[in-house]
Amino acid sequence: MHYDAIVIGAGPARAGQKVLVVEKEKFPRFRIGESLLPAGNQYLQKIGVWEKVCAAGFVEKYGAEFYDGKTGRGIHIIFANGLFGGPPMTFQVERAVFDQLLLEHANSCGCESRMETRVTSARREKNIWHVELAGAAAGSVTADWILDASGRDAVMGRILSVPRDSLNYPKRIAIYNHFAGVPRRTDRRGGNIHIFSLPGGWFWVIPLAGGKTSVGLVMQLDEAGGGQLRNPEEVFWRMVRETKLLPEMMEKTQPLDKYRVTADYCFCHSHFADERLFMIGDAASFIDPTFSTGVSLACASASRAVETILRLKRTGRPFNRHEQARFTHYMKDRIRTVRRLVESFYDPASFEIFMQPTNRLKIFPAVNAVMAGHHSLPWKARWRFQIFLAACSINRFMRHRPGKEVTT
């Protein structure tokens, strides 16, 4: 069997012509990464699935709320107040439902899917990839292109031994579960993601449909017990008790599943494309879940990859080193913006600036735009974002304390 493209992984980052989707798991399945960003709506619209997403009953998300976990002070981000305006709303999605919806849409568009099947090897001869599959639909297939959307499994990165950049971030761990009984507001703020910052870490609280809520803890691995972490539930609840607002919020909740753990997840490949290969979304790089950028970056990279493939097919031009570098630069520019915002979140002095936003010179509307998913910044946003970052740096020497709760 020969295909125009093989997509490894049946998440949100896929598209093409005669396409084979290879997914190692059986859908539906549990997955975190439930909070979408408004700027990512355009990609769901582009592939014709937006109306199905709107009709699926997901929780509407109009903003985000950040709290100092020790003092309880907070800021309320309203996406509609961002520098670019743009969509005021997106969704909080249960990924088991969301990814199943996307898979069914891909199949309805003509994709072939092989579930519970994994790629064991891939080698290229001239312009053709020869791929070996194992599992429920084992066999050998060929394709002109491979789009690796396998998430942090990074299938092609491992097969080809693609080097990784040095990030110099501390090793972190995420402990998470779904809960019933988490209280939420009945107005538009009821759909917001809540972030509670703690020294070296934070909690997320994401409202999902059906009264379900995703709650997760991110902290440094050594503080959680390092490689000897045997009781993630105990660590989770110990950290809940150390926050100002979470104990009351979580008091009458019931876990709906087991406590899951993801550890040491930050990485970035040195390049995201090779000969007739694209590494998409988390398969290329995963920095941090703080600002819910995963699905948005995955869709942006998938869209760019498909546009590149179709353009090269139309013009007959080769996918040379220059084209590969263009794709890598396109995505690393966006990831660089995300990294700088993430680094400001983890730095205590920078976080104090983040928690005291100002509309002077429209500085914080530019930061708001980044949080809404605008990761490739035009000049009018870029210089404002740079001033925000400069203020964060200055505050390391001239500490400024946040005041009362702010809406922006």
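The values are calculated or read from the model by the stated rules, or taken from the named source; none is laboratory data. In this text, all values refer to a predicted model and were calculated from it rather than measured experimentally. For neighbour counting, all protein chains shown are included, and Cβ atoms are generated from backbone atoms with ideal geometry for every residue, glycine included. Surface areas here come from the heavy atoms of the whole protein model, side chains and all, with no ligands, DNA or RNA. Shrake-Rupley method; radii C 1.70, N 1.55, O 1.52, S 1.80 Å.
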- Task: In square nanometres and to one decimal, what's the mean projected area of the convex hull around the Cα atoms of the range 103-204?
- Result: 11.8 nm²
- Calculate how steeply helix 232-241 sits against the longest principal axis of the alpha-carbon atoms of the chain, using the helix alpha-carbon long axis, and give the answer as 0 to 90 degrees to the nearest 10. 30 degrees
- If we sort 1-8, 182-189 on the protection proxy, mean other Cβ atoms within 10 Å, highest first, what's the order? 1-8, 182-189
- Expressed in µm² per second, the diffusion coefficient of the chain from the Stokes-Einstein equation, with Rh the Kirkwood radius over alpha carbon pairs, at 10 °C and 1.306 mPa s, is 72 µm²/s
- Note on the structure: For the range 321-336, Karplus-derived ³J(HN,Hα) couplings (6.51, -1.76, 1.60; θ = phi - 60°; whole Hz; x for glycine and proline) come out as 4, 5, 5, 5, 5, 4, 5, 4, 5, 4, 7, 5, 4, 5, 5, 4
- Sorting Ala283, Trp379, Leu341 by the position of each Cα along the dipole of the range 279-397 (Lys, Arg +1; Asp, Glu -1; all at Cβ), the one nearest the positive end of that ordering is Trp379
- Message: Can you give me the distance in nm between label points at Lys46 and Thr262, each placed 7 Å from the Cα along the Cα-to-Cβ direction?
- Response: 2.3 nm
- Note on the structure: At 20 °C in a medium of viscosity 1.002 mPa s, the range 172-230 has a Stokes-Einstein diffusion coefficient, with Rh taken as the Kirkwood radius over alpha carbon pairs, in µm² per second, of 170 µm²/s
- Would you kindly find the accessible area of Tyr169, with a 1.4 Å probe and non-protein molecules such as ligands, DNA and RNA excluded, rounding to the nearest 10 Å²? 50 Å²
- Query: Is there a pair in Lys332/Lys362; Lys24/Lys212; Lys18/Lys61 whose C-alpha atoms are over 31 Å apart, and which pairs would that be?
  - Reply: Lys18/Lys61
- Item | Ratio of Rg to Rh over the range 189-343 (Cα coordinates, Kirkwood Rh, two decimals) | 1.08
- Task: Would you calculate a helix-derived [θ] at 222 nm for the chain, using -39,500 (n - 2.57) for each DSSP H run of n ≥ 4 and dividing by the full residue count, to the nearest 500?
- Result: -9500 deg cm²/dmol
- Task: Which order do the peptides 288-296, 46-54 take when ranked by the mean count of other beta-carbon atoms within 10 Å per residue, highest first?
- Result: 288-296, 46-54
- Can you give the net charge of the other residues whose Cβ lies under 12 Å from the Cβ of Arg188, counting K and R as +1 and D and E as -1? +1
- Restricting things to alpha carbons, find the Rg to Rh ratio for the range 1-154 using the Kirkwood radius for Rh. 1.07
- Task: Order these peptides, 234-242, 147-155, by their mean beta-carbon neighbour count within 10 angstrom, highest first.
- Result: 147-155, 234-242
- Note on the structure: Along principal axes, largest first, the alpha-carbon spread of the range 253-389 in whole Å comes out as 53, 47, 23
